[in-house]
Amino acid sequence: MLVLSRKKNESIIVSHDIEIKVISIEGETVRLGIEAPRDVEIYRKELYMTIQEENRLASESAITWASMKAILMNQQSNRDELQSKKEDDEK
């Protein structure tokens, strides 16, 4: 890990198009300003970790198209069976 010291209004350049600037320092809180292209995603670490965990959980519970098709076909079969039984009862 690279560790740098910066004072208020000093910056760090990442790559050639991202600038991180110290905006203010108040007690133990440091406010940073980040200038980056719009296509660069920037997150606080705790938010990023939450997003990653939710994506992981969603991918584990994802239903495949084959299983979804089987569920839908089973539902249709059940409806057809109920309709047939209803028609038989009406006779």
*Just how much of Met73 is accessible, in Å², when a 1.4 Å probe is used and the result is rounded to the nearest 10?*
120 Å²
*What Kirkwood hydrodynamic radius do you get for the chain when you take the inverse of the mean 1/r over all pairs of distinct Cα atoms, in Å?*
19.1 Å
*With θ set to phi - 60°, apply the Karplus curve 6.51 cos²θ - 1.76 cosθ + 1.60 along region 65-77 and write out the HN-Hα couplings as whole Hz, x wherever there is a Gly or Pro.*
4, 5, 5, 5, 4, 5, 4, 5, 5, 5, 4, 5, 4
*Spin-label point model (7 Å from Cα, Cβ direction): what's the Glu60 to Gln75 distance in nm?*
2.6 nm
_Compute the helix-to-body angle for 45-60: its Cα long axis versus the longest principal axis of the chain, expressed 0 to 90° and rounded to tens._
20 degrees
*Please sort by residue number the trypsin sites (Lys or Arg not before Pro) in region 39-87 whose DSSP state is loop and whose Cβ has at most 12 other Cβ atoms within 10 Å.*
Arg44
_For region 15-80, which GluC sites (Glu not before Pro) pass both filters: DSSP loop (anything but H, G, I, E, B) and at most 15 other C-beta atoms within 10 Å?_
Glu28, Glu41
*For Ser67 and Glu41, what is the calculated FRET efficiency with R₀ set at 41 Å and r taken between the beta-carbons, to the nearest 0.05?*
0.80
_J(HN,Hα) series, region 2-11, from Karplus relation 6.51 cos²θ - 1.76 cosθ + 1.60, nearest Hz, glycine and proline x_ = 7, 10, 10, 9, 9, 9, 3, 6, 9, 10
*How much accessible surface does Thr64 have with a 1.4 Å probe, in Å² rounded to 10?*
80 Å²
*Check each of the chymotrypsin sites (Phe, Trp or Tyr not before Pro) in the chain and keep only those in coil by DSSP with at most 14 other C-beta atoms within 10 angstrom; list them in order.*
Tyr43
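The values are calculated or read from the model by the stated rules, or taken from the named source; none is laboratory data. Here the structure is a predicted model, which is why all the values come from computation and not from measurement. No Cβ is skipped: glycine too gets one built from the backbone with ideal geometry, and neighbour counts run over all protein chains shown. For accessibility, only protein heavy atoms count, side chains too; no ligands or nucleic acids. Shrake-Rupley method; radii C 1.70, N 1.55, O 1.52, S 1.80 Å.
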